[in-house]
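Student: Structure provided below as structure tokens; questions to follow.
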């Protein structure tokens, strides 16, 4: 059978029909070839047996070849016509052969015609062939000079034709059905193979895409590593920059605040009586400088916002008082420009749990911006309660902000007038930082403005009602000893109490306590002063954990076990968070004071060494700082005598010559710094015992990372589930930082 094109699924019936037809043609060709071969052999056999037939063999063979050849040719073009021609031609050739032989023997070949017709064309052509054979046997002898065919032979030929026709038709039906079934299975199998090939092709494509994606992922991973390292370097550089800037800001602020305090508290130091207006101005300078110093102390915390938690010192604040205080701080600016500054506050207090310094900075920033951009009219401050939030607004009568710029003003370093000749100065950070502070309090900040009609900035902060959290006074209900108890028939409507975690805290300084207040104000802290107190308190009342701040966890754990140990269910957490005392101990000095230093703190530190008539050596490379500290000490009285040194070498010389009672030492000095002075002092037995007070703008606890030690232990062993849970929690916390939850607020505000 000739090869055909691969069928498509929709063409399978046509393909099966064409294939069956091709099989019929192939079968017919095979039969023609067999008939031709057998007939040729038979004719040759007859010619050899009867010599007188030799001359007739060639015409007979030629006639047969013509019949078979034409039938062969017609099979490929007209199958039915080829069958009709074969039946007619073969029948005529058999009768002609019987006439030539003068013998009815060739007539017995006629039943082969229905067999051929039935086997190749089916029942219909087999029936027609039987009729044709019957005509040749019964009718042809009347018109042709055929030898006499006995009636018995005629019947045998006709019956044989019927039988062979039945056999041929049955054969065609059988092999045709088998062929159709096989071809159908072939079509289905071919379709399955093609589908598998398509799936394999898609799989190969997916595999190729996956390989490509893996390569891209590897490249992106390498790039991410590079960018991560670059970001880490940038973060480190930024932290160093912020630390240096903080140092540079603290030094002049120390001068401003210190001299302001001396002038306000000891004006007689300057001789003549100072005017009240001057003292009021200096008081304003001192107040605003103190506010700026508070912001400078939080610069390091601002840098931590990108890599960790930003410190929020939350407390209960009356928003009305905060806004009124902010108005007083900027009132001079508005009066100098002839602008009004109205304040519209509700009668009821708006109490919020917030960082007073941050929210005050937000209000001051909005008011100062409104004052700078408003030339006529003024600014109105309003506050009200709305949907469980305290909302305040700052509305000005300035030029307004176009709609296309209203979102841009909240982006860092964005100015509506970017030119260097712009009328209003500013860094473009105020609104961005203010919105961030508000969002850290779970609040929102937005604006509404029209060009030419001014701008209104809104701030919304969560509001907690004092009535909801205030404790009730008096008994909840009257209890009678004669009253029979009745079971409660409904669930209580009072919400379940919120139990705050309770931590026992043992430390020499208050460093950890301040960290708890800043980062987790909702935790109950129970400070203890000694190991026996820690053990006793842990047994008196159940605690969530016992926390110890020490640099020697092994010794501390052994001492706690020796004192009786903690209850089995109370874990012991040991960490190391150094404070100013620890820094002083590490340097071998008496105290570590951080600029700006108040007059009270400085004098109190000196009086710890000698209450009166103390001789103090002030060592600082900044002449103004030396003058400030000298003025503070002298103005406090107590007969303090001040020695001055501008560098480390002079300080060591004066210590050896004058033997002062105490040394006030700055660490950051050119050439010989304070650390070098302390090392040289330690080497000299003559001055080794002189106490030293370090005064520096470097905060030893102001870095983003303050400790590399954390130890957790418990008297009772950890279960596998607890151990794995602890590992998972610690790993999640110590992994690259993500968004952190807002600090928990206490249930009841302080009275």
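The values are calculated or read from the model by the stated rules, or taken from the named source; none is laboratory data. Quick caveat: nothing in here was measured; it's all calculated off a predicted structure. Heads up, the Cβs are rebuilt from the backbone with ideal geometry, glycines too, and the neighbour counts pull from every protein chain shown.
Student: Which members of the stretch 370-393 meet the condition of being within 9 Å of residue 455 (Cβ to Cβ) and in contact with a strand residue (DSSP E or B) (Cβ under 6 Å, 6 or more places away or on another chain)?
Tutor: Passing the criteria: only 370.
Student: Right, something else. Quick check: anything in the stretch 41-60 in the same structural domain as residue 115 (by TED's automatic domain parsing), on the phi < 0 side of the Ramachandran plot, surrounded by 15 or more Cβ atoms within 10 Å (Cβ to Cβ) and modelled with pLDDT of 75 or more?
Tutor: no
Student: Among the strands (runs of 3 or more DSSP E) contained in the stretch 602-680, which hold 1 or more residues that are buried (at least 23 other Cβ atoms within 10 Å of the Cβ) and in contact (Cβ under 8 Å) with a residue 40 or more places away in the chain?
Tutor: Filter on the stretch 602-680 gives 615-619, 662-665.
Student: Here's another thing I want to ask about it. Can you confirm whether residue 110 is at pLDDT below 75 and either closer than 21 Å to residue 40 by Cβ or not assigned by TED's automatic domain parsing to the domain that holds residue 33 (or both)?
Tutor: No; evaluated as a whole, the condition is false for this residue.
Student: With assigned by TED's automatic domain parsing to the domain that holds residue 163, farther than 28 Å from residue 181 by Cα, modelled with pLDDT of 70 or more and in contact with a helix residue (DSSP H, G or I) (Cβ under 7 Å, 6 or more places away or on another chain) as the only criterion, which of 118, 36 stands out?
Tutor: When all the criteria are applied, what remains is 36.
Student: Going by what's in this entry, would residue 540 be described as outside the structural domain of residue 710 (by TED's automatic domain parsing) and over 12 Å from residue 505 (Cβ atoms)?
Tutor: No, not satisfied.
Student: Can we say residue 358 is touching a helix residue (DSSP H, G or I) at 6+ places or on another chain (Cβ under 8 Å), in a helix (DSSP H, G or I), under 30 Å from residue 232 (Cα atoms) and at pLDDT 85 or above?
Tutor: The answer is yes for residue 358.
Student: From the list 93, 132, 123, which residue is in contact (Cβ under 8 Å) with a residue 24 or more places away in the chain and under 16 Å from residue 39 (Cβ atoms)?
Tutor: 93
Student: It is to be established whether one or more residues within the stretch 194-216 are in contact (Cβ under 8 Å) with a residue 40 or more places away in the chain, surrounded by 14 or more Cβ atoms within 10 Å (Cβ to Cβ) and touching a helix residue (DSSP H, G or I) at 6+ places or on another chain (Cβ under 8 Å).
Tutor: The answer is no; no qualifying residue exists.
Student: Which members of the stretch 271-283 meet the condition of being without any contact (Cβ under 8 Å) to a residue 12 or more places away in the chain and either surrounded by 11 or more Cβ atoms within 10 Å (Cβ to Cβ) or assigned to a helix (DSSP H, G or I) (or both)?
Tutor: Selection gives 274, 276, 277, 278, 280, 281.
Here's the yes/no breakdown for (1) closer than 17 Å to residue 359 by Cα; (2) modelled with pLDDT of 80 or more; (3) part of a loop (DSSP other than H, G, I, E, B); (4) outside the structural domain of residue 341 (by TED's automatic domain parsing):
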site	(1), (2), (3), (4)
391	yes, yes, no, no
395	no, yes, no, no
398	no, yes, yes, no
401	no, yes, yes, no
419	no, no, yes, yes
422	no, no, yes, yes
435	yes, yes, no, no
439	yes, yes, no, no
446	yes, yes, no, no
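Student: If I ask for residues that are under 20 Å from residue 514 (Cβ atoms) and touching a helix residue (DSSP H, G or I) at 6+ places or on another chain (Cβ under 8 Å), which ones from the stretch 552-575 would you list?
Tutor: Passing the criteria: 574, 575.
Student: Kindly list the number of the only condition in (1) at pLDDT below 85; (2) closer than 23 Å to residue 286 by Cα; (3) in contact with a helix residue (DSSP H, G or I) (Cβ under 8 Å, 6 or more places away or on another chain) that fails for residue 602.
Tutor: Unmet condition: (1).
Student: Please tell me if residue 537 is over 36 Å from the mean Cα position of the chain (by Cα), modelled with pLDDT under 85 and not in a loop (DSSP other than H, G, I, E, B).
Tutor: no
Student: Follow-up question, since we're still on this one. Condition check: assigned to a helix (DSSP H, G or I) and either within 30 Å of residue 179 (Cα to Cα) or modelled with pLDDT under 75 (or both). Does residue 124 satisfy that?
Tutor: So residue 124 fits the description; yes.
Student: Tell me, yes or no, whether the stretch 346-369 has at least one residue that is touching a strand residue (DSSP E or B) at 6+ places or on another chain (Cβ under 7 Å) and farther than 21 Å from residue 434 by Cα.
Tutor: Scanning the stretch 346-369, I find at least one residue that is touching a strand residue (DSSP E or B) at 6+ places or on another chain (Cβ under 7 Å) and farther than 21 Å from residue 434 by Cα, so the answer is yes.
Student: Can I ask one more? Return yes when residue 314 is in contact (Cβ under 8 Å) with a residue 40 or more places away in the chain and under 32 Å from the mean Cα position of the chain (by Cα) and no when it is not.
Tutor: Taking the combined requirement at face value, the residue satisfies it.
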